[in-house]
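Here's the structure, in structure tokens; my notes come after.
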Amino acid sequence: MIIQPKFRGFICTTAHPVGCEYNVKEQIEYVKSLEFSQGPKNVLVIGASTGYGLASRITAAFGYKAGTIGVFFEKQASAPKKTASAGWYNSAAFEKSAHAEGLYAKSVNGDAFSNEIKNQVAELIKKDLGKVDLVIYSLAAPRRVDPVTGEVYNSVLKPIGRDYASKTVDFHTGEVTDITIERAAGEEIKNTVAVMGGDDWKLWMETLKSQNLLADNVITLAYSYVGPELTHPIYRDGTIGKAKDDLEAAAGEITGSLKEIGGKAYVSINKAVVTQASSAIPVVPLYVSILFKVMKNKGIHEGCIEQMSRLLKNLYEGNLLLDDKGRIRIDDLEMRDDVQEEVSRAWNMVNSDNIKDISDLEGYRNEFFQLFGFSINGVDYEKDIEIEIGIPSIES
């Protein structure tokens with residue numbers, strides 16, 4: 001099958017297996033170019049197939065030679081013409097490379113919110129690893145079914161208290177437009193917190209602890225974002241921000257529950273990057289496009305793999321950058337005063353006519369395509385390829 005990108009709104013409905021493999025291998029080679037000291041030995045990554053979760057798994061495996069279990073919810077290819085999801089192809093490529101180097105790597109595909117998947121993962125740890133010493137929680141899902149009550153929660157990306165007016169960009173066309181986003185109503189805040197807050201992270205840690213699957217001095221990380229004031233109404237002060245507040249509160253509760261084994265839970269505030277989730281948030285693609293231009297000009301731009309390799313190196317080398325709330329700040333370069341001053345100036349000026357000059361919209365667009373295995377140098381996109389690719393540890 002010859003695969004080309006196809007879109008529905010801000011979602012790419014196709015993925016290229018060869019391109020995804022190139023992308024994964026490039027991240028692996030970056031990690032292998034660095035020097036790592038003592039670190040984790042057995043790692044569980046919940047939300048392991050794309051973005052920061054995938055980069056974390058790659059760093060753990062190829063930086064620290066750790067055994068890894070990855071949890072995700074991805075789709076296989078279905079003949080004759082429907083490709084697998086990008087996360088499926090990423091995970092297949094990761095396992096292929098890990099196994100080639102003699103590294104333990106197994107994956108579990110299913111709803112991470114469910115008790116069934118939690119128990120399945122627990123049994124796999126018990127059988128193969130004994131215990132894990134690092135648990136990374138990196139889920140980004142729009143919907144959650146409560147494992148106890150069966151209630152269905154759907155998250156929304158909305159401001160709180162009042163409508164929010166700003167501008168955004170269609171990164172396919174470069175058109176900058178004004179937008180107004182209606183405030184959250186009714187149960188939308190509570191539902192968003194239920195999906196994207198800290199409740200499921202706590203349930204995962206409770207499951208693992210109750211079955212004695214956590215090593216002494218275990219560390220668990222969850223990922224969050226703060227960003228600049230210009231994105232706060234739709235992000236940090238909006239429904240998703242309430243969920244992140246809940247996630248950060250959960251870190252303290254988890255740390256308390258792990259006290260007897262010397263464990264610690266951290267929330268890491270990461271840099272803005274191109275992800276499937278962030279691309280759907282109004283305002284964010286425009287901000288990130290401008291941010292990329294500024295950071296690249298200063299030589300301090302980082303993607304997911306640079307962020308996660310720096311995060312884990314800092315974590316295990318004792319160089320954590322903690323703020324007054326005890327959060328890890330790996331967004332330090334993004335939030336530098338000189339960076340944000342330049343971003344603000346460009347933001348106030350940007351329009352459809354000058355966006356290509358004062359932002360890196362093309363770079364943003366390329367990174368978005370690369371999430372799905374497209375726009376990658378060295379890949380022949382006119383070649384007929386096999387779309388049914390298996391993940392070695394998952395029976396098809």
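The values are calculated or read from the model by the stated rules, or taken from the named source; none is laboratory data. All values reported here derive from a predicted model rather than from experimental measurement. Backbone-built Cβ (ideal geometry, glycine too); neighbour counts: all protein chains shown.
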Scanning the range 231-259 for residues that are outside any loop (DSSP other than H, G, I, E, B), under 15 Å from Asp331 (Cβ atoms) and either among the hydroxyl-bearing types (Ser, Thr, Tyr) or modelled with pLDDT under 90 (or both) gives Thr231
Subset of the range 105-133, residues more than 17 Å from Gln211 (Cβ to Cβ), surrounded by 18 or more Cβ atoms within 10 Å (Cβ to Cβ) and not small (Gly, Ala, Ser), comes to Lys106, Asn109, Phe113
With the first residue restricted to the range 228-246 and required to be closer than 16 Å to Ala185 by Cβ, and the second required to be crowded, with 24+ Cβ neighbours inside 10 Å and of a type in the set (S, T, N, Q), Cβ contacts under 7 Å at 6 or more apart or on different chains are Thr239/Thr192; Ile240/Thr192; Lys242/Thr192
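Only one residue in Gly63, Gly87 is closer than 29 Å to His172 by Cβ, assigned to a helix (DSSP H, G or I) and at pLDDT 95 or above, so which one is that?
Working: Gly63 fails: closer than 29 Å to His172 by Cβ.
Matching residue, one of Gly63, Gly87: Gly87.
Looking at Leu361, Leu311, Leu371, which one is surrounded by 18 or more Cβ atoms within 10 Å (Cβ to Cβ) and closer than 24 Å to Glu74 by Cα?
On the way: Leu361 fails: closer than 24 Å to Glu74 by Cα; Leu311 fails: closer than 24 Å to Glu74 by Cα.
On inspection, the qualifying residue turns out to be Leu371.
Can you tell which of Gly303, Gly299 is among the small types (Gly, Ala, Ser), over 14 Å from Thr231 (Cβ atoms), out of contact with any Leu (no Cβ under 9 Å at 6 or more places or on another chain) and without any contact (Cβ under 8 Å) to a residue 40 or more places away in the chain? Show your work before the answer.
Working: Gly303 fails: without any contact (Cβ under 8 Å) to a residue 40 or more places away in the chain.
Criteria check complete, one pass: Gly299.
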